[in-house]
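Following: one structure in structure tokens, then a few remarks.
The values are calculated or read from the model by the stated rules, or taken from the named source; none is laboratory data. Keep in mind that what you see is a predicted model, and the values were worked out from it rather than measured. Cβ atoms come from the backbone with ideal geometry, glycine included; neighbour counts cover every protein chain shown. Surface accessibility is based on the protein's heavy atoms, side chains included, excluding ligands, DNA and RNA. Shrake-Rupley method; radii C 1.70, N 1.55, O 1.52, S 1.80 Å.
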Amino acid sequence: MSERTSIHGQWSSRLAFILAATGSAVGLGNIWKFPYITGENGGGAFVLVYLLCVCLVGIPVMMAEIMLGRRGRQSPINAMEWLARSEGVSPHWRLLGWSGVVAGFLILSYYSVIAGWALAYVFRAVGGAFEGLGPEGVKALFDRFVGDPEALLAWHTIFMVLTMIVVARGVRSGLERAVTLLMPALFVLLLILVGYALSTGAFGQGLDFLFKPDFGKLLFHCEVVNGREHCEFSGSPVLIAMGHAFFTLSLGMGAIMVYGSYMPKGVSIARSSFVIAIADTLVALLAGMAIFPIVFANGLEPGAGPGLIFQTLPVAFGAMPGGRLFGTLFFVLLVFAAWSSAISLVEPAVAWLVENRGMSRVRASVWTGFWVWLCGLVTIFSFNIGRDWRLWGKTGFDLLDYLTANIMLPLGGLCIALFAGWVMRRASSEDELAMGRLGFGLWWGVIRYVSPLLVLVVFMHAIGVF
Ligand code: PHE
């Protein structure tokens, strides 16, 4: 059989694949989401569970997802159908691809709104809006901003247009090259911010919060009511930590699968997965190490929610020498990190429209982009006029985030693990992964037993089975 390739093209090299996949993984999840959910869920113990999930579920599932993509060589929906047929099982496995398309669509609808915030903050930083503002001023600025639906809509629209332009041109042009320069720059800037955090006098407190586990906080949700602490059993911090491992590594929805389908044969899937996961984790930990000292030094609330980085980092930019330049650079890089993730969120849908509906990339992009954009209104309103609209006690944004990151992605990941570990013939995966006997044996054991069981146990714990 001659080697199969994707009709959408192929990455030029191993490095190109790693850059694109790292561009997908590193994004708002690392810098915006990781700190605020860590703050809301009590710190250390949450971080530990997240790191365990990255190692025991994230990396093995990433290898499986890349492998399925590269063997299927099509959009996730068609790849799953083709793989299922060639392993002699039901083609309904294509539903896994569909759930990924839906998840990517819903995630992008709120991701783009938050990326719009970052874009707006670039202009605040350039104009010196944070200078000498202090924590209260910064918070007031943020509250005023998210309270204005028209402003949020404008920035969301700009970000969606930017995303769809790149998607329309094809994943290989433009952004792939930009990421080569911007990812290392983001890394350096985070180091500078950690350097500033060292000077705040609360660095130790920040590190303690991030790395000293308090397991009580993981199992019980405590609130102080009338001066008394009330604790109730809650399984959700563990589920949120696991969901985040999937979210931050772009797993469980086909983004990494579709990128894998453009990967040249002969590139090591295991090695690439480790590089991507390590880079992603480092960025998240650095962001945490920069943010929490600033939170504690200024008497801010770690559990402030989705506004956390927008309410803390500007305080630092407003006080540090060169803050205007660093602030501008930081938000520019954050926008680029979000941009390179956003394109991977719609790529599975666009690839499918091109394959099955015969659309051009441009039409497919405009079409998907429009619906995602419209769906973004739910998130925009949940920060202002729709603040009090609740379903199951959650705002529109919280609901979208919970449904996708904590339910759809882990379930998608579970199915990927089951397909790779139990449906696919061992010989097929051995051939595709092409690793040493020991490495393969280890992955095989983990993907068959450890990863699926962990996901199941966490789900059962979250719904209160034990
Ligand atoms: N991994 C991205 C981030 O951390 C988000 C993402 C999730 C991208 C799922 C693609 C698929 O920001």
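Remark: region 10-27, residue by residue, has Karplus-estimated 3J(HN,Hα) of 9, 5, 6, 7, 4, 4, 4, 5, 4, 5, 5, 5, 5, x, 5, 6, 7, x Hz, where x stands for each Gly or Pro and the curve is 6.51 cos²θ - 1.76 cosθ + 1.60 at θ = phi - 60°. Placing a pseudo-label 7 Å from each Cα along the Cα-to-Cβ vector at GLN205 and ILE192 gives an inter-label distance of 2.6 nm. Across region 404-417, coupling constants 3J(HN,Hα) worked out from phi with the 6.51/-1.76/1.60 Karplus curve, θ = phi - 60°, read 7, 5, 9, 10, 5, 5, x, 5, x, x, 4, 5, 4, 4 Hz, and Gly and Pro carry x.
In region 57-131, inverting the average of 1/r over every pair of distinct C-alpha atoms gives 15.1 Å as the Kirkwood radius. Placing a label point 7 Å from the Cα of ARG426 along the Cα-to-Cβ line, the residues of region 83-97 whose backbone N sits under 20 Å from it are 87-89. About its Cα centre, region 313-440 has a charge dipole of approximately 140 debye under the convention of +1 per Lys or Arg Cβ and -1 per Asp or Glu Cβ, with nothing else charged.
Computed extension length for THR5-ARG169: 57.1 nm, one decimal, from 0.36 nm per residue of separation with the Cα-Cα distance subtracted. Note on ASP431: accessible area approximately 80 square angstrom, rounded to 10, probe 1.4 Å, nucleic acids and ligands left out. The charge dipole of region 261-362, taken about its Cα centre with unit charges on the Cβ of Lys, Arg, Asp and Glu (plus for the first two, minus for the last two), comes to roughly 280 debye. For the set PHE246, PHE326, the ranking by accessible area, highest first and with no ligand, DNA or RNA atoms included, is PHE326, PHE246 under a 1.4 Å probe. Taking the accessible area of region 36-175, probe 1.4 Å, and keeping the other protein chains in place, the carbon and sulfur fraction comes to 65%. Solvent-accessible area of ARG70, probe 1.4 Å, all protein chains present, reported in Å² to the nearest ten, please. So the heavy atoms of ARG70 present about 10 Å² to solvent. Solvent exposure of ILE7, expressed as accessible area, is near 130 Å², computed with a probe of 1.4 Å over the protein chains only.
Multiplying each eigenvalue of the alpha-carbon gyration tensor of region 317-439 by 5 and taking the square root yields semi-axes of 35, 24, 20 Å, largest first, rounded to whole angstroms. Rolling a 1.4 Å probe over the heavy atoms of the protein chains gives the chain an accessible area of 39 Å² per residue. Cα extents for the chain along the principal axes, largest to smallest and rounded to whole angstrom: 67, 48, 41. For the residues PHE459, PHE336, a 1.4 Å probe over the protein chains yields an accessible-area ranking, largest first, of PHE336, PHE459.
Model label sites at PHE274 and TRP392, defined 7 Å from Cα along the beta-carbon direction, differ in position by 3.9 nm.
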